[in-house]
Amino acid sequence: MTTKAMTPGNEIRKLRTELERHERLYYIEHAPEIGDYEFDQLMRRLVELEAAHPELQTSDSPSVRVGGSPVHGFETVIHDPPMLSIDNVYSFEELTEWDTRVRKVTGEEVEYNAELKIDGVSIELTYENGVLVRGSTRGDGVRGDDVTSNVRTVRGLPLRIATKFLRLELRGEIYIERNDFTRMNAEKEEEGEAMLANPRNTAAGSLRLLDPRQAAKRKLRALLYHVVRADERAPGSQTEVYTILEASGFPVNPARKICRTLEELSRFIEEWRIRRDSLPFEIDGIVVKVNSRRLQEELGTTSKAPRWAVAYKYPPEAATTIIRAITAQVGRTGSITPVAEFDPVHIGGSTVRRSTLHNYEEVARKDIRVGDTVSVEKGGDVIPKVTAVQLSQRPEGTTAVIAPTHCPVCSEAVHQFEGEVAFRCINGGCPAIVKESIIHFASRKAMNIEGLGDKVVEALIARGLVSDYAALYSLTQEQLASLERWGEKSATNLRSEIEKSKQVELSRLIYALGIRFVGERSARILAGHFRSLDKLMIATHEELIEIPEIGPKVSESIRFHFEIVANRERIERLTLNGVSPHHKMMATGVALRGKTVVVTGTLANHSRDEVHAIIEREGGKASGSVSSRTSYVVAGDDAGSKLEKARKLGVAVLSEDEFLALIEAGDGGIEDGG
């Protein structure tokens, strides 16, 4: 008896159900059953199937988490009722005064709902028939921006819910967790770019990105705290609000309490002042709301804020200490970062001994010196930072910090690229760069060599067994087994991982090389365009900037990387040791087999990247230049010289709709599969 193959539609439905279940387990119930890798594989398969069968795509599919087409601006949304801000109090005395006013107006006993004040960005959501149809920012309170495409990328926020309500209007907070913010800033610092100010500003900026795919990379989260309407009815209390939210599967504020006295409020506020650093996200206080909706309406609002709610704000976490040294740290791309080493201080639940000073321009601007007494804060930031110098306490004899002229690790002369504030070591053999570049090369998103972590890399370098990432492929079983606390089994496992990485996708290898400004997305674009590392290595600046999303800055960095002899030699050694990258094609159709297609101008419903993916999927070749060999030019708004050249050469010009119709008409021979 044979088992009937699962149809694409059934597999897509099964994958969606499974992904939704795992998202709920991870983000809502905090009880994941699988790891990130397994989840990513399920998501990748769903994306591939939906790309092959666009007629099966839906707006509530988990695949929209990875982001859709770029938008050309944000439409205005009118908030009814307005999204008001909340008044702040900064002491228990001010909170007592507010409580007195509330009780005087109501003339009766009042119970309060106290909850964590997430340091994020307000959002309004609308669900119709259980499907998320709109997400909008607060704006000025009356008018906000429609950011639905970005809101759909927020993990843990259900795109579809089982509900008895035809229409559900909700409000909550979009935020970024501490660890994700730290990761993003580490990447910025490594590239010598300006650091992100704090998680809240980053979340706000992420919601206003025109490309949802970029918003998806920010790992935004959400917590809901208010039901404006459930159909035409408003919940009778804040307690009922949370009953509706939890029953519908929304992520909600993890800490809240009904308080009937000021003493209970005081204990809750103090408890979370002490425990705030145990949370995965930033809070800056406690929100106190009158629980009863009837009393809320009786208290009313001012023009700016409700009279029935107030935010008790915690003071910024800060300490004063003395800088004992300013050292220099060298990153993977050679960026040299000044780091302040100071007397230990306790801030935000941990002991802090050092803080990045970001770059030498920042050090000069604040005039930070060794011996200075400084203020160190965390406040809304995850990474401690030096916020002020106490000049009145500066000892005599201090000197200004001078930017380095030579690398502190290898002593080679440093370089400052035009338009950048960062100073860089450009010696590829610098031990600091070697270590970080090998760690990056072996990372999960690059060559994915499991077992090659920081400590192992340090040990290999210390023993003189590797001097760069190419040397990994020359390591022998005996050399690995000789490492401290290693044996034959550990050596065999690592050798197997190294061997397995030889058959790698081209985009992963390009990313693994550590070319400045070339991230995962750029690496995929370059792999899709050139389809071989050899062609990328000899690409000219003009060829590179013709590629969508590869601008002059990235192009110059790519050319600079491959012009360095040592870098070319490393790649040659990779090839000699059997590293054989392949470009993963997704050709599942035949509509464009043997055809060359150029895309120009701005399309209404697809990005160039998406159209290029369709071209490849249908067996065609996406090109950046028009010639007599071009089969079609797909032209959108503001198409320029490429369109003119196509007309002169007599090349067929298609609109976006005509292109899609061509694909549909020629799609009869596609087989199931991704």
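Determine the gain in length on full extension of the stretch Asn201-Ser482; use 0.36 nm per residue of separation and subtract their C-alpha separation, reporting nm with one decimal.
Details: separation 281, 0.36 × 281 = 101.16 nm, distance 4.94 nm.
Contour length minus Cα-Cα distance gives 96.2 nm.
Size descriptors for the stretch 564-664, from the alpha-carbon set: Rg then Dmax equal 17.2, 49 Å.
Extents of the stretch 196-307, largest first, come to 43, 40, 33 Å (Cα atoms, principal axes, whole angstrom).
Residues whose amide H falls under 5 Å from that of Val414, counting only those 5 or more places apart or on a different chain, are His406, Cys407, with hydrogens built in the peptide plane.
Between Arg233 and His583, the FRET efficiency estimated from the beta carbon spacing at R0 = 51 angstrom works out to 0.35.
With Cα atoms as the point set, the radius of gyration and Dmax of the chain evaluate to 28.5, 90 Å.
Annotation: amide H of Ala652 within the under-5 Å range of Val633, sequence separation 5 or more or interchain, hydrogens built in the peptide plane.
Which residues in the stretch 517-531 have a backbone N closer than 14 Å to a point placed 7 Å from the Cα of Glu420 along the Cα-to-Cβ line? Output list for this probe position: 517-519.
Ranked highest first by the average count of other Cβ atoms within 10 Å around their residues, in what order do 249-257, 271-279 fall? Spell out each step's value before the answer.
Values: 249-257: 17.8, 271-279: 14.7.
Going by the mean number of other Cβ atoms within 10 Å, highest first, we get 249-257, 271-279.
Sequentially through the stretch 204-217, phi angles give Karplus couplings (6.51, -1.76, 1.60; θ = phi - 60°) of 4, x, 5, 5, 9, 6, 6, 10, x, 5, 6, 4, 4, 6 Hz, Gly and Pro residues having no value and appearing as x. Here the stretch 155-246 yields Rg over Rh of 1.10, to two decimals, using C-alpha coordinates and the Kirkwood radius.
Compared with the direct C-alpha span, the chain from Glu572 to Cys410 gains 55.8 nm at full extension, assuming 0.36 nm per residue. Within the chain, the cysteines lacking any other cysteine Cβ closer than 4.7 Å to their own Cβ are Cys259. With each label modelled as a point 7 angstrom along the Cα→C-beta vector, the Asn179-His541 pair spans 4.3 nm.
Less than 5 angstrom separates the built amide H of Val252 from those of Leu224, all sequence-distant by 5 or more or on a different chain.
One chain, two ends: Glu97 and Leu649. Fully extended at 0.36 nm per residue, the span grows by 190.8 nm beyond their Cα-Cα distance.
With all protein chains kept in place, the per residue accessible area of the chain amounts to 48 square angstrom at a probe of 1.4 angstrom.
Round to the nearest 0.05 the FRET efficiency obtained for Tyr90 and Ser490 when R0 = 41 Å and r is the Cβ-Cβ distance. Provide the component values of the computation, followed by the final result.
Values: r = 56 Å, r/R0 = 1.37.
Once the sixth-power term is evaluated, E becomes 0.15.
When the alpha carbon gyration tensor of the stretch 482-533 is reduced to an equivalent ellipsoid, the three semi-axes, largest first, read 31, 12, 6 Å.
Take the convex hull of the alpha carbons in the stretch 247-379; its mean projected area over all directions comes to 13.5 nm². Rounded to the nearest whole Hz, the Karplus-based 3J(HN,Hα) values (6.51 cos²θ - 1.76 cosθ + 1.60, θ = phi - 60°) of the stretch 318-330 follow the sequence 8, 7, 10, 8, 10, 6, 9, 7, 10, 9, 10, 10, 9, with x at glycine and proline. The relative contact order of the chain comes to 10 percent, based on Cα pairs under 8 Å that sit 6 or more residues apart. Report summary: the helix-based calculation at 222 nm, which adds -39500 (n - 2.57) for every DSSP H run with n ≥ 4 and divides by the residues of the chain, gives -10500 deg cm²/dmol. Residue by residue, the stretch 642-650 carries 3J(HN,Hα) couplings of 5, 5, 4, 5, 4, 5, 5, 8, x Hz when phi is fed to the Karplus relation 6.51 cos²θ - 1.76 cosθ + 1.60 (θ = phi - 60°); x denotes Gly or Pro. Legend: translational diffusion of the stretch 441-513 by Stokes-Einstein, Rh = Kirkwood radius over C-alpha pairs, 20 °C, 1.002 mPa s; D = 173 µm²/s. Every pair of different Cα atoms in the stretch 460-617 enters the Kirkwood calculation, which places the hydrodynamic radius at 17.9 Å. Placing unit charges on each Cβ (+1 for Lys and Arg, -1 for Asp and Glu) gives the chain a dipole about its Cα centre, and among Ala162, Thr575, Gln393 the Cα reaching farthest toward its positive end belongs to Thr575.
Above 17 angstrom, tally the Cα pairs of the stretch 49-169 and express them as a % of all pairs, no decimals. Please list the in-between numbers first.
Working: 5077 of 7260 pairs.
Everything past 17 Å amounts to 70 percent.
The values are calculated or read from the model by the stated rules, or taken from the named source; none is laboratory data. Computed from a predicted structure; not experimentally measured. Reconstructed Cβ throughout: ideal geometry from the backbone, glycine too, with neighbour counts over all protein chains shown. Ligands, DNA and RNA are stripped out before the accessible areas are found, and what is left, the full protein with its side chains, is counted by its heavy atoms. Shrake-Rupley method; radii C 1.70, N 1.55, O 1.52, S 1.80 Å.
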